[in-house]
Amino acid sequence: MKKNKDIKVLLVDDERDFVDTLAQRLKMRDLNVSTVYDGEQALSFIKGIEPDVMVLDLKMPGLHGIDVLREVKKHYRHMQVIILTGHGTDRDAEEAKMLGGFDFMRKPADIDTIVQRINEAYSEKIERMMTAIAFAEEGEFETARKIMTKQEEEK
């Protein structure tokens, strides 16, 4: 059975006070949390330590959150991404979903809701992986590959 400490979460937000406070609150709920402060740092970080769930702001200096999401889904399609922003539009929400984002939340968001969505994102990732493994074990490698790479078709 999954424990929160098993879920690797990466918080990406340029508002340092906000992201540091959110990280502390998530750690108090036993989540394994790392933080970075812009999109470039996020893309560098995930090359070394791949998180299960990324909680990503949209409006940051340098790379916009949508660009980060696009890159993540190109190279790490099974990683779950939750957009958490104070500046997002309905168009941003639609684009994030189209790119394979798990959820689009607006700040301020309740900490319990954030934790719940992180847990749901992780559970969906694990379920998808287990389904793909079952197909691979039956020799259905193409089906397994599609399950792991076509997240947006499942939504």
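The values are calculated or read from the model by the stated rules, or taken from the named source; none is laboratory data. Treat the numbers as computed from the prediction; the structure is a model and nothing was measured. Neighbour counts run over all protein chains shown; Cβ positions are idealised from the backbone, glycine included. Note: areas computed on protein heavy atoms with side chains; ligands, DNA, RNA excluded. Shrake-Rupley method; radii C 1.70, N 1.55, O 1.52, S 1.80 Å.
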Can you name the residue in the stretch 48-71 that is under 13 Å from the mean Cα position of the chain (by Cα) and either at pLDDT below 95 or of a type in the set (D, E, K, R) (or both) and is also least open to solvent (accessible area, probe 1.4 Å) among such residues?
-> Asp57
Can you pull out the residues in the stretch 94-119 that are part of a helix (DSSP H, G or I), out of contact with any strand residue (DSSP E or B) (no Cβ under 8 Å at 6 or more places or on another chain) and open to solvent by 60 Å² or more (accessible area, probe 1.4 Å)?
-> Glu94, Met98, Asp112, Gln116
How many residues are open to solvent by less than 70 Å² (accessible area, probe 1.4 Å), more than 17 Å from Ala121 (Cβ to Cβ) and either hydrophobic (A, V, I, L, M, F, W, C) or not in a loop (DSSP other than H, G, I, E, B) (or both) when one looks only at the stretch 25-47?
-> 5
If you go through the stretch 91-110 one residue at a time, do you hit one that is modelled with pLDDT under 90, among the small types (Gly, Ala, Ser) and out of contact with any helix residue (DSSP H, G or I) (no Cβ under 8 Å at 6 or more places or on another chain)?
-> no
